[in-house]
1. Just to be sure before I move on: is I283 open to solvent by less than 60 Å² (accessible area, probe 1.4 Å) and either modelled with pLDDT of 95 or more or assigned to a helix (DSSP H, G or I) (or both) in the structure I sent?
2. Would you mind telling me which numbered condition in (1) open to solvent by 30 Å² or more (accessible area, probe 1.4 Å); (2) part of a helix (DSSP H, G or I); (3) in contact (Cβ under 8 Å) with a residue 40 or more places away in the chain V299 fails?
3. Residue by residue through segment 98-113, note down the ones that are loosely packed, with under 14 Cβ neighbours inside 10 Å, of a type outside the set (K, R) and part of a loop (DSSP other than H, G, I, E, B).
4. Just one of the numbered conditions (1) open to solvent by 40 Å² or more (accessible area, probe 1.4 Å); (2) without any contact (Cβ under 8 Å) to a residue 40 or more places away in the chain; (3) among the small types (G, A, S) is not true of G41; which one?
5. When A231 is evaluated against the numbered criteria (1) in a helix (DSSP H, G or I); (2) buried (at least 16 other Cβ atoms within 10 Å of the Cβ), which criterion, by number, is the only one it fails?
6. Filter segment 31-69 for residues that are among the small types (G, A, S) and in a helix (DSSP H, G or I); which is farthest from the chain's Cα centre (by Cα)?
7. Only one residue in V33, V58, V3, V38 is over 17 Å from A103 (Cα atoms), β-branched (V, I, T) and out of contact with any Pro (no Cβ under 7 Å at 6 or more places or on another chain), so which one is that?
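The values are calculated or read from the model by the stated rules, or taken from the named source; none is laboratory data. All values reported here derive from a predicted model rather than from experimental measurement. For neighbour counting, all protein chains shown are included, and Cβ atoms are generated from backbone atoms with ideal geometry for every residue, glycine included. Side chains are part of the model used for accessible areas, which takes the heavy atoms of the whole protein and leaves out ligands, DNA and RNA. Shrake-Rupley method; radii C 1.70, N 1.55, O 1.52, S 1.80 Å.
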Amino acid sequence: MGVLLSIIIPMYNAESYIKDALDSALLGIDDSVEVIVVDDGSKDQSYKVCADYGDKRVRLLRQENSGAPAARNKGLSEAKGEYVQFFDADDFYAKGAVNRILAEIRKSKHDCYIGNFYRFDGNESQLEYKDLKWINSLFDLYMFTPSPNSKVFKKAILEENGIFFEKIRLAQDLNFYLKFLGISHDVKIVEYPFFHYRYVNQSISHVTDDRILDIEKSIEFAVDFYKSHNAGKECCSYAYLTGVKHTNYQLEKLIYVNDREIIETLLPKIEEIWNVFYGKSTISCDKFKYYKKKWIDAVIQLTYRTKVKKHLQQLRKAEKR
């Protein structure tokens, strides 16, 4: 039996979680699945936990600390499966999810499968989306979360089109997903939760320094990819609107930053990036959902800017006391 699915897990200092991730991926699963763990220079006992796991389906690789994008790319280059899924070491699969994924692949071959997921706060899990019935167009796919854990990709599509994880400090997942959508719209929506997303305070999603400015590179790299692959203007417009949404996420973070200098440095740069993305996110035809989303993002952005500036004023007043 050949390998149908390769699960690629970049790992850095994940000794507390990695066994749970492996167990959730492999319990009750046959040899059609392999798990490739790429240790990204961990300083704890993560590598030993995996080495002692004792399952021939687990392939353990090692590299000097180079970041998750490099680890994922290394795993992709080593994958034997017809399909690949990139999974985070601190998350864990929903019960029965891997078998469900395998069943979907065996039933009908698509370039990508997308599933729902839970958010896990350490005590309980909550489903992210009530359902995925709202995804019924290419635009909807662009608006879906870019998390790679919720997606399974046909490996050949990635390799043939040079789709890999860019070495950027933030929004690598977004860039990867956008590039895929510029190549293929053959996506099967699976009404089943794939995994539990575990909140970790040290996660890149909590970054509040100049790494958040890499959202600009994430989108522009995707647009450059579209141009080199003749993806079309619609994809470029959708990518920029996605950039607007994710720039709003970065702007929101500044509401909770208590360092005046950080806010004063980052706010004008984020505003500039947002303005560029918003200006470039335009399409010639009348698409109600598109322009409704653009209008909503503009309102959100204005709200966040107002809150950040008010917070900044309060910090300045506090310093003068």
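1. Criteria not met by I283.
2. It is condition (3) that V299 fails.
3. S108
4. That leaves (1) as the condition not met.
5. Exception for A231: condition (1).
6. By that ranking, first place goes to A51.
7. Residue meeting the stated conditions: V58.
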